[in-house]
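Student: The structure follows.
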């Protein structure tokens, strides 16, 4: 009887220790930014535009990306589902957001400590697998081509904690784009002198700034 009490005590103590460590681990998870967080928005937009402005070969028609809160809401609603897969609505016309026929999407699964710049840099690193001259990928490179798709004008991103995917510290990062990129047999941009093919607006940091496209926060 004494032995059983001792075993029960040890079992209870063990559970308490596990629970205590789990609670501490959960408390250590940093608060993830909301889609209206100014710093988060700036880092998402700036990171995209930095890579777009430095493409090689240089782009004659690369548009500057601006934030769109409706795309961010879409990204948030999907990231909260915690499914490491593309939102099925992106494959259907006018299914995601009113006024957009199709929407592009990049997804990333990593740790909650990952910053927007780190995530977008990871997508951009696929550029080594893309051959601009013949428009082919030796490995996965669709995330990269979406980042540098010249005709894309707006972006919205979100991140959610998804412990079911990769442990309690997992985060699913989603960015949606409009108009979408990655059209079959189409180059992401036109090679040439930066801004030499801007249709309207100004040129900023090698990017065409279409002044008719607002930044919707």
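Student: Could you tell me whether residue 157 is buried (at least 18 other Cβ atoms within 10 Å of the Cβ) and at positive phi?
Tutor: Here the answer is no, as residue 157 does not meet what is asked.
Student: Now for a separate question. So, in the stretch 117-142, how many residues would count as being assigned to a helix (DSSP H, G or I) and farther than 21 Å from residue 67 by Cβ?
Tutor: Matching residues across the stretch 117-142 total 6.
Student: Here's a follow-up. Taking the options 106, 49, name whichever one is buried (at least 16 other Cβ atoms within 10 Å of the Cβ) and either in a loop (DSSP other than H, G, I, E, B) or out of contact with any helix residue (DSSP H, G or I) (no Cβ under 7 Å at 6 or more places or on another chain) (or both).
Tutor: Every option except 49 fails the conditions.
Student: Let me ask something additional. Could you please give the count of residues in the stretch 152-209 that are under 22 Å from the mean Cα position of the chain (by Cα), within 18 Å of residue 45 (Cβ to Cβ) and free of Cβ contacts under 8 Å to residues at least 12 places away in the same chain?
Tutor: 0
Student: Condition first: over 18 Å from residue 145 (Cα atoms) and touching a helix residue (DSSP H, G or I) at 6+ places or on another chain (Cβ under 9 Å). Now tell me which residues in the stretch 164-193 satisfy that.
Tutor: 168, 169, 170, 171, 172
Student: Restricting attention to the stretch 81-98, and to residues there that are touching a helix residue (DSSP H, G or I) at 6+ places or on another chain (Cβ under 7 Å) and over 20 Å from residue 152 (Cα atoms), which single residue is surrounded by the fewest Cβ atoms within 10 Å (Cβ to Cβ)?
Tutor: 84
Student: Tell me whether the stretch 126-145 contains one or more residues that are at positive phi and at pLDDT 95 or above.
Tutor: Within the stretch 126-145, one or more residues are at positive phi and at pLDDT 95 or above.
Student: Going by the conditions given, is residue 101 at pLDDT below 95, out of contact with any helix residue (DSSP H, G or I) (no Cβ under 8 Å at 6 or more places or on another chain), surrounded by fewer than 23 Cβ atoms within 10 Å (Cβ to Cβ) and part of a loop (DSSP other than H, G, I, E, B)?
Tutor: Here the answer is yes, as residue 101 does meet what is asked.
Student: Can I ask one more? Checking residue 145 against (1) in contact with a helix residue (DSSP H, G or I) (Cβ under 6 Å, 6 or more places away or on another chain); (2) crowded, with 19+ Cβ neighbours inside 10 Å; (3) outside any strand (DSSP E or B): exactly one of these is not met. Which one?
Tutor: That leaves (1) as the condition not met.
Student: While we're on this one: Please verify whether the stretch 182-204 includes one or more residues that are surrounded by 14 or more Cβ atoms within 10 Å (Cβ to Cβ) and more than 23 Å from residue 54 (Cβ to Cβ).
Tutor: no
Student: Restricting attention to the stretch 155-181, which residues are closer than 24 Å to residue 136 by Cα and out of contact with any strand residue (DSSP E or B) (no Cβ under 7 Å at 6 or more places or on another chain)?
Tutor: 179 - this is the single residue of the stretch 155-181 that is closer than 24 Å to residue 136 by Cα and out of contact with any strand residue (DSSP E or B) (no Cβ under 7 Å at 6 or more places or on another chain).
The values are calculated or read from the model by the stated rules, or taken from the named source; none is laboratory data. Keep in mind that what you see is a predicted model, and the values were worked out from it rather than measured. Note that each Cβ is placed from the backbone with ideal geometry, even for glycine, and that neighbours are counted across all protein chains shown.
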